[in-house]
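Working notes, beginning with the structure itself.
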Amino acid sequence: MSLYEELVSRNVALSLIGLGYVGAPIAVAFAQRGLDVVGFDVNAAKIDMYRSGIDPTREVGDDALRKVKLLFTADPSALRRAKFHIVAVPTPVYNDKRPNLEPVESACRILGKNLARGSVVVLESTVYPGVTEEVCAPILEAESGLVCGRDFKVGYSPERINPGDKAHRLATIVKIVSGMDAETLDTIARVYELVVTAGVHRAPSIKVAEAAKVIENSQRDVNIAFMNELAIIFNKLGIDTKSVLDAAGTKWNFLRFSPGLVGGHCIGVDPYYLTYKAEEVGYHSQIILSGRRINDGMGKYVAENCVKALIRADKPVKGAKVAILGLTFKENCPDTRNSKVFDIVSELREYGVEPLVHDPIADATEVRAQYGLELAEGSQLSDLDAVVLAVAHKEFVAFAREQFDRLFAPGVKVLLDVKGVCERAEFERSDYIYWRL
């Protein structure tokens, strides 16, 4: 009986190692198809939430979580039940922008200690080309005493989940799959086809699949950097960037990107994995790193324009009462990792401004742990000198102008609309100084 047949007949289990925004939806999807699934995470508190039917990622939903039959555990020995393992842990960078593979290496050490002969291990974490075979496989061998290619096989299938996106889901996005040999590739493809209705793309090698993933987000990063550079130029020229993009967008082949803050655990991180590997082989990136420098500076740019607007409004900068709406790295998503909104906070502090940060969907405990920041309640937002609408949560997009009016102290009001969600003309007709990227 093949491994695929064993999985479908529930003779062996499938495991998900890392139950975040990527791992949790995959684990639930396979369980919904009737497979025996082990969901493992080292975070015992997170496991308790899943067991209680609470989805901390909001990607699956509490109702779906409560209906599915799935073993959530922080006990590594439970992985011994499985022979098809999917590793979906974060791949961050260090402060100096070097890839931090410790989460992947740690996951492989845990899995290696509990790896059964005949297993297939698939890495989903975003990495540079070569990590699966040159970093993960040796760790698995060392910890298990097994030989890769003989006793177990490896493959790579990059995650394409877009947190907070209810249209593009696991099932509806074509899945890239790869394996170390033809048999492994076929097994991995057939397993993922159980949950991905959009189908799979069989990459010719693991390194091709790794490279494909890392350039997806690098491409977006470069395009957004171009939009941010245009926004800086057009602001200096007194031209509204959004109006320019709307006009240019009438051409059939114009690529529709918008300026903004580029944070999170993908677009703001993945390019550094590619440029790191490029440096290893003697090439220094020109375009990719230039785009990164522009995007990494946008939080500072927004804060500087907030200060300029306060001065135009004849309001003292030091001690100004400024609120920032939104802290997560993207709209309608509770994930605050690598949020560039905090760059606005840091820069405003340099000017003697301690902003109130309000985010109705961010986890206050995580924000406190990550940034040492206490989130403000909505009731605290009054008598403000300036508001920075940083994240387009649906709660903020629904604000009428009158709701903004009530946030401010009497006199000229300063509104910085980073995402360009407000009707510019409406605010400029009022007693507002309105600015957007």
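Coordinate-derived values only; no laboratory data. Quick caveat: nothing in here was measured; it's all calculated off a predicted structure. Neighbour counts are summed over all protein chains in view; Cβ atoms, including those assigned to glycine, are modelled from backbone coordinates with ideal geometry.
Taken over the chain, the ratio of Cα radius of gyration to 2.2 N^0.38 Å equals 1.07.
Close amide-amide hydrogen proximity is noted between K413 and Y432, I433, each under 5 Å apart and 5 or more residues distant or on a separate chain (H modeled in the peptide plane; Pro and chain starts excluded).
Given R0 = 25 Å, the distance between the Cβ atoms of Y276 and E143 translates into a calculated FRET efficiency of 0.50. Using C-alpha pairs below 8 Å separated by at least 6 residues, the relative contact order for the stretch 1-95 is 37 percent. Among Y351, Y272, Y128, which one shows the highest mean-square fluctuation when the chain is modelled as a Gaussian network with alpha-carbon springs under 10 Å? In the Gaussian network model the winner is Y351.
When DSSP beta bridges are restricted to pairs lying wholly in the chain, around 5% turn out antiparallel.
Size descriptors for the stretch 128-272 (Cα atoms only): Rg and Dmax, in that order, 20.0, 66 Å. How many angstrom lie between the Cα centre of the stretch 266-334 and the Cα centre of the stretch 50-128? After rounding, the separation between the Cα centres reads 30 Å. For the stretch 61-104, the percent of C-alpha pairs falling in each 10 Å distance bin, counted from 0 to the bin holding the largest distance, reads 20, 31, 31, 17, 1. Peptide packing for 322-329, 375-382 was compared via the average number of neighbouring C-beta atoms within 10 Å per residue; ordered from the highest value, the list is 322-329, 375-382.
As a calculated quantity, the FRET efficiency between E423 and E377 at R0 = 30 Å, using C-beta atoms, amounts to about 0.65.
Across the stretch 290-366, C-alpha contacts under 8 Å between residues 6 or more apart give a mean separation that, scaled by the residue count, equals a relative contact order of 36 percent.
Annotation: amide H of I324 within the under-5 Å range of L356, V357, H358, V388, sequence separation 5 or more or interchain, hydrogens built in the peptide plane.
Suppose each label sits 7 Å from its Cα in the direction of the beta carbon; what would the S52-A248 distance come out to in nanometres? The answer from the label model is 4.9 nm. Ranked by the mean number of other Cβ atoms within 10 Å of their residues, highest first, the peptides 192-201, 240-249 fall in the order 192-201, 240-249. Look at the alpha carbon pairs under 8 Å that are at least 6 residues apart: their mean separation over the length of the stretch 305-437 gives a relative contact order of 26 percent. For V38, the amide hydrogen comes within under 5 Å of the amide hydrogens of L14, S15, L16, counting only partners 5 or more places away or on other chains and with H modelled in the peptide plane.
Candidate cross-link partners of K242 among the lysines, defined by an alpha-carbon separation under 24 Å and a same-chain spacing of 8 or more, comprise K251, K300, K308, K330, K340, K394, K413, K419.
Between G23, G118, G264, the GNM of the chain built on Cα springs shorter than 10 angstrom shows G118 fluctuating the most. Result for the chain in a Gaussian network model with C-alpha springs under 10 Å: among V357, V42, V154, the largest mean-square fluctuation is at V42. Computed across the stretch 1-118, the Kirkwood hydrodynamic radius from all distinct Cα-Cα pairs reaches 14.7 Å.
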